[in-house]
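Step one of this worksheet: look at the structure below.
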Amino acid sequence: MTRTALKQRKKKTGPGWISQLITMFREGDLKTRLGFLIMGFGSFMRGQIIKGLLFLTSQAIMVWYVLGFASQYLSKLDTLGDIGMQRVWSGERQNFVRTPGDNSLLILLFSVMSIMLFIAFIALWHSSIRSGYKAQKLLENKKRLPSFSDDIKSMLNDRFHFTLMSLPSLMVIAFTILPTIFMILIAFTNFDSKHQPPGNMFTWVGFENFSNLFGANPLIANTFSKILGWTMVWAVIATVTNYLFGMLLAIFINNKHIKLKAMWRTIFVITIAVPQFVSLMLMSQILHQEGPLNALLKQFGFIQQSIPFITDINNARLTVLSVNLWVGIPYTMLITSGILMNIPKDLYESASIDGASPLKMFVYITLPYMLFITTPYLITAFVGNINNFNVIFLLTRGGPLVTEYYQAGKTDLLVTWLYRLTVEKQDYSLASTIGIFVFFITAGLSLLVFNLSGSTRREEEFQ
Amino acid sequence: MKKLLSLALVLGLVLTMAIPSFADDAIKLKLWGSQEDQAMLQEMVESFKAAHSDETFDIELGVVGEPDARAKYLEDPEAAADVFAFPNDQIVDLVNAGALYEVTINKDVIVEANVAGAIEAATVDGELYAYPMTADNGYFMYYDKSVISEEQAKSLDAMLEAAADAGKKVFMDVSNGWYIASFFLGAGGKLTVEDGKQISDFNNEKGLAAAEAIKAFTADDAFITGDDAILTGGIGDTIAAGVSGAWNANAIKEKLGDNYAATKLPTFTLDGEQVQMSSFAGFKLMGVSSLTEYPEEAMALAEYLTNEENQLKRFELRGMGPSNIKVGQSEAVQENEALAALADQANYAYSQKEVLGNYWTPAEAFGTTMEARDYSKNLQTLLDEMVAAITAQ
Amino acid sequence: MNKQRAIHRKSARFIPLLALLLPMSFLLSFIKVPGIDGLGFSSSGLSLLFSGLNIINLLPLFITAALSFFFGLLTLRPTRANLRLTASAFTLSILVFIYTLLSAKSMADASGLLPAPFLVKHLQFGFWLYFLLAFLGLILSLIALRQPSTYIVLTAMAAIWLLPIIWLIMTSFRAERGAYTPYIIPKGWTLDNYIRLFTQTNQFNFARWYLNTLFVSVITCAATTMMVLMISFTFSRLRFPSRRLLMNIGLVVAMFPGFMSMIAVYHILKAVGLAKSLISLILVYTGGGILNYTIAKGFFDTIPRSLDEAATIDGATKNTVFWRITLPSSKPIVVYTAITAFIAPWVDFIFVSVIMKDDYANYTVALGLFRMLEREHIYEYFTRFTAGAVLVAIPITLLFIKIQKFYVEGVTGGAVKG
């Protein structure tokens, strides 16, 4: 059976790789079949020695890993640990002797890691069999087997994507995917301050956290819905204002009569270059009840009492939105100014001949053009604002706190709320449930836009 | 992609297995203390090593301030310190989390040497879990003698009036559970722990009266709030008096000079009557991690760091109030105005042990609402919400 | 080219009138206002004029008013030169106005006659009129010169954006300790904050943190840039099964709140024996930075494929295409990716705190500076924090200014075209 035939089969039957295995077993000779048990056997026996040995080594490592490390964690995955911390009185030492108990966190983390490794191992196993099978077929057809150096060469050409992607993928799997799966699983446990190492264990609780969030616990559910509401309001306003004002600034600077364009741009770029935590902490100092801005206003005599910029609910919300403008406008200015220059000039010329005002030209020419081009950027910005941790955390820490919320304040976004829940309350399971929710919103939105928008549809257009 | 994934993970696996391990004879201990204490702790550690020269100690100092101890410890108990300092309101949580070793060696000596309150604060369910280190984790009133007289400093209303006359303010961080409690507790409110759960009656009639007093105080034009930086920055200048603790004594003394004064908290008006403001009495304790590899040695270190000699050193170098009875009776401590004020206030203070982690945020929220003078909800509703959040879960 | 543009005569005609009103408004400031609000202010405005101290303080206002008046009259004959002079005079008037406003408190205190808020409450009318007139005058002169009046908007915006930075720099030279001062301009100036940042290292070792950060960011920058380019090239140029799926995974996988995953990352690093090390920071930042490939991919999409194809026909492998054709034509995106990766370690304080925990020696500047602002340190360390912040901001700012052009080209090429 040829490769194309294999492919066609794949389309017809369910999971292709299983039927592939069946076919390879049925059609394979003894060497290939032994490869099912001893990895690399099929390749090794046909002269692809290095390749075969590599497969065999990986099998050995896997066996060693499972027996030596993974089994102790995987065996406890169902309960996430059952032996607590022990203490025994020792008369000789006049003291208790403590032995640490099971650590639910490590059990879960290493179990997830082991399962992922196991899946990877299955894939490797599969490819080792296929390699042996392919060698068999090539020999049957009297063709030359690719040598190890041929394989290496193909890594730089036909399978260049493999070469380029392997290291980055390893990093992403280790530092993003594995941790994310772990945190998602935490949402189905009762990991909180009362169930954490070293003294206590946590265990699976099913969908309890989700039901708490969506109504079973009125305090949490109410807080969640209110904060979700504000998060959305914030994200919409912050994105739109930043976009519009940033574009206006770019238009101002791009005006052909303005001199020293580079200088103006640089002034605003400086604020990008100052690290956000510095400029935002600074802003929170400046806007503080007793900070310099209030001092200045009092000095002028405009006010007698300090204005509570960040302690009054409405002021605080207005303040975070304004400061976000301060932070965000220079970025938008930088990004849009390049595109603005690309708008076809004749559009403006014909409009000005018709006597259109600058405002009209902005609304009818600039804005539609920019919206069309920058939709992906806008969505990225929107998603970024939903998760805009820095501005809220450094400016108000989510405050002003209110009694009707569960551990949250009126400017808290979902992301800052769950920061407080994890760092201050160690309420990991609830936080991770909220995290999943945020993840669904942002990921869904991004997938939708990126797959429908021009940027992906038109990616082939330069071919 | 599958192949790629597998190869990548096998690589990772090899790395995992290559954990280096070293054998070493020295007794390795880690000690946590706050940033400002580092130099002092280093000195104490050196003398501890000298006193135990028969063994080799390798003692590492880590910077984790007492307020963060619980959170930092629980982030990763294995990597946490063997010996660490914490305020006593964290002890119940720490014991529940299985973080602390019971003190059994030399227990009688320790109990005898320290004031009863400190021992009580370090005891959970009849077992001693930590070594008392200081008895100064409470607060009282600092004031500017040139603005407020000793007599006026006895009542909050008189203080506000005097400050207003001078165009100055009275400082208290009402949006902070630790301080705001002095009104509720002063009015006779309860904040206790039953079966590991927080119980509070701050929303009953007395609580409401206390809330009214808080409302009146925060609505006063002479009231000012903020954190320590506001007080230390403004006292003597725009601020005439402020509620804070012994850790600010030096900064405030420096600013006020001869006009420096400290006293117990004043009385406040509750339902038309003058009632003494209460407070939390806190102690700082030193505990030994239950995961330590060398429990006896760690205990020896903790005991040494909190003994008479070192408590005296703490007082001399950092102005910390001792829990050790002998040091407390020494002349120098007796003459310290801030500590004297704290001792006065101790008569009206409540144990901070009965406060669990859930209390702080709702209490702060209530204070914030009062400070913002946001009266869109009536006080009873706010109190009900606050208590519901405090007792939640 | 501006020279060819004629003067806008209609607006030039009003300028002399404004110039006449300006000194009058100044004098208005000294007209006696009967006691408002029962504050009992009754001293004659004119007597103030003659009190020596105030003449010195108000002299700049008076001089600029006179200047504006003089040049304003010149514009009765509106030539370009005259108009330019007038515009400068009005600008000067506005600046002097702001200066006077800022020093109002000390003026009031020095005169000993007036309550502090006098500027707003009593002499305000003429004073603010002065500002309004100077402002109007400036706009009119600009219109007459056919210069965009957006200059004024830009200047105002630039002020809003720069003032906090200026305040940061001033505070870093402030001699008085403490975070909040009821005044803006420091009473005493000193270099101590900078010096102590490097000499008092037993508690906060700034120099060490700085080197840590530099080390981490240089390596992170190199590693991330390489990997991002690799991924972007793969997704943009190579076609292989499950490409779309991988792209989508890459897009969303980083959207789970990062600091929560950090708990798991910390334990993974600990299991490998790397916790609390600078290497682990490099790994974490690189691992996070890799996923910012969308912009670079978008940029690669815009490079014509015909080049690759021509090379392939000549027998080049995909490896050669990547190094010899795609990379050389991608300077902007390389620079953009490199800057973004370089900056990450300088600004993050969350990840590094999860990884380093109590290990102060391995902190980066961001976390170190952040620690200085904690409750128990802020009084002592605030001015040193600002000094440190300036030292962190300087290299990044210079970097940004230097390569602004590439940054803009890279980000506009990749983020939005395509």
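The values are calculated or read from the model by the stated rules, or taken from the named source; none is laboratory data. Everything numeric in this text was worked out from a predicted model, so none of it was measured. Please note: Cβ atoms are built from the backbone with ideal geometry, for glycine as well, and neighbour counts cover all protein chains shown. Ligands, DNA and RNA are excluded from the accessible area calculation, which covers all protein heavy atoms including side chains. Shrake-Rupley method; radii C 1.70, N 1.55, O 1.52, S 1.80 Å.
Key figures for this structure:
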| item | result |
| --- | --- |
| A:17, C:189, reordered so the largest accessible area comes first (probe 1.4 Å) | C:189, A:17 |
| Which of A:315, A:373, A:225, positive extreme of dipole for the range A:215-457 (C-beta unit charges) | A:373 |
| Buried area at the C-A interface (accessible, heavy atoms, 1.4 Å probe, summed, Å²) | 9600 Å² |
| Kirkwood Rh in Å, taken over all unlike Cα pairs in the protein assembly as shown | 34.8 Å |
| Accessible surface of residue B:129 - all protein chains present, 1.4 Å probe, nearest 10 Å² | 30 Å² |
| Size of electric dipole in the protein assembly as shown: Cβ of Lys, Arg +1 and of Asp, Glu -1, about Cα centre, debye, nearest 20 | 9300 debye |
| For residues of A:264-272, the mean tally of beta carbons on other chains within 10 Å | 6 |
| Over the range A:215-457: Kirkwood hydrodynamic radius from C-alpha pairwise inverse distances, Å | 20.2 Å |
| Coordinate range along principal axes, alpha carbons of the range B:96-244, Å, largest first | 58, 35, 26 |
| Neighbourhood charge, 12 Å Cβ-Cβ cut-off, centred on residue C:381 and excluding it, Lys, Arg +1 and Asp, Glu -1 | +1 |
| Solvent-accessible area per residue, Å², over chain A with all protein chains present [probe radius 1.4 Å] | 43 Å² |
| Trypsin sites (Lys or Arg not before Pro) restricted to the range A:100-143 and DSSP loop, no more than 10 other C-beta within 10 Å | A:142, A:143 |
| Between 0 and 90°, nearest 10: helix B:295-305 axis offset from chain B longest Cα axis | 40 degrees |
| Cβ crowding within 10 Å averaged over residues, with C:392-400, C:258-266 ranked highest first | C:258-266, C:392-400 |
| Cα-based radius of gyration of the range C:202-412 once divided by 2.2 N^0.38 Å, which approximates compact folds | 1.18 |
| Solvent-accessible area of residue B:227 with every protein chain in place, 1.4 Å probe, in Å² to the nearest 10 | 50 Å² |
| Debye intensity ratio I(q)/I(0), log10, chain B, q values 0.06 Å⁻¹ (C-alpha model) | -0.28 |
| Residue-averaged beta-carbon neighbours from other chains (10 angstrom radius) around C:247-254 | 6 |
| Kirkwood-type radius of the range A:16-206, with distances r between different C-alpha atoms, in Å | 20.1 Å |
| Helical contribution to [θ] at 222 nm, DSSP H n ≥ 4, -39,500 (n - 2.57), averaged over the protein assembly as shown, rounded to 500 | -18500 deg cm²/dmol |
| Tensor-based shape of the range A:179-228 (alpha-carbon gyration tensor, a/c under 1.5 rounded, otherwise prolate or oblate) | prolate |
| Three-way shape call for the range A:281-343 based on the alpha-carbon gyration tensor, with the a/c threshold at 1.5 | prolate |
| Values of log10 I(q)/I(0), in the order q = 0.08, 0.12, 0.13 Å⁻¹, for chain A under a Debye, Cα-only, solvent-free model | -0.79, -1.18, -1.24 |
| Cβ charges +1 (Lys, Arg) and -1 (Asp, Glu), total dipole of the range A:12-130, debye | 360 debye |
| Extreme residue, positive dipole direction of the protein assembly as shown, given options C:139, B:333, B:87 (C-beta unit charges) | C:139 |
| Stokes-Einstein translational diffusion, the range A:59-141 - Kirkwood Rh over all Cα pairs, 1.567 mPa s, 4 °C, in µm²/s | 80 µm²/s |
| Peptide C:394-405, shielding by other chains (average Cβ, 10 Å cutoff) | 3 |
| Net charge over other residues, Cβ less than 13 angstrom from the Cβ of residue C:270 (K, R count +1; D, E count -1) | -2 |
| Calculated Rg and Dmax of the range A:258-369 using C-alpha coordinates, Å | 19.7, 55 |
| Angle between chain A longest axis and helix A:218-254 axis [Cα atoms, degrees, rounded to 10] | 70 degrees |
| Angle in degrees between helix A:367-386 and the longest Cα principal axis of chain A, rounded to the nearest 10 | 70 degrees |
| Heavy atoms of residue B:284: accessible area, 1.4 Å probe, square angstrom to 10 | 30 Å² |
| List A:239, C:201, ordered by accessible area with a 1.4 Å probe, largest first | C:201, A:239 |
| Which of A:64, B:178 is most accessible, then next, and so on - probe 1.4 Å | A:64, B:178 |
| Debye log10 I(q)/I(0) for the range B:236-337, one point scatterer per Cα, at q = 0.18, 0.21, 0.23 Å⁻¹ | -1.01, -1.16, -1.26 |
